[in-house]
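Engineer: Would you mind keeping the following structure in view while I ask a few things?
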Amino acid sequence: MPTSTVRVCRLAHPVRLPAATGAALGTLVISYTRPGDRVLLADAPPAWLPARLHPASGERRNQLVRAVSRLGRHPATDPTPHRPQGGKGDHRTEGPNVHPTGFELIIAGMDPRTPDTTRLAAWAAQLTPTGTLTVLTHSHRHGSVLTDPEPDIALAATTAELVLADRLILLHQQPHPPGELSEAHRRSVILRGHRPIHSTVLVFTRTGERA
């Protein structure tokens, strides 16, 4: 596995998760594309946000599409059966297959509780020869069981003839500075598990070279 890269997303304090999501999107788009490139926002759960903070699906989709457009890229989204067929402000596409040149960047999320790794093959088929697939995910703890979807995602990507080129760490909570934790808090961490403060972005390419 390649050495992890830390991408800095500058935000005003206090950091709010919706703002962190937008900053992460912008960082990925700027890092792996050039102006004029096509970007696919895959229709997958936003794994970097907890369920209680999800805006409505259509609202979230439109916000992300506008964010990509402001960066001078051409956004597209996966079609879904429930999406309107048209109308003002609708960003629906006919689907990636109407664009034979493919996408330079695909941004997807993978829910760690029910990871559908079969989708990686379909995403890989929509990349340009130099394109990049980024999959955002995180570990999930249910009781004493910790689930980490990364190995399954990496295996599915290998089957789809993709190579893991980078692994990004996205902080969505500020870590406690050394010396600030009380002894009682340390005991709580030992007994109840660690506080999750980051998500992971797995970066795949066809060649393994970083964009």
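Engineer: Closer than 25 Å to residue 64 by Cα, modelled with pLDDT of 60 or more and within 13 Å of the chain's Cα centre (by Cα), is that true of residue 170?
Structural biologist: Numbers: closer than 25 Å to residue 64 by Cα: yes; modelled with pLDDT of 60 or more: yes; within 13 Å of the chain's Cα centre (by Cα): yes.
Yes; evaluated as a whole, the condition is true for this residue.
Engineer: Considering only region 141-167, state which residues are modelled with pLDDT of 85 or more, of a type in the set (Gly, Ala, Ser) and part of a loop (DSSP other than H, G, I, E, B).
Structural biologist: Within region 141-167, 160 is the sole residue that qualifies.
The values are calculated or read from the model by the stated rules, or taken from the named source; none is laboratory data. Source: prediction; values computed, not measured.
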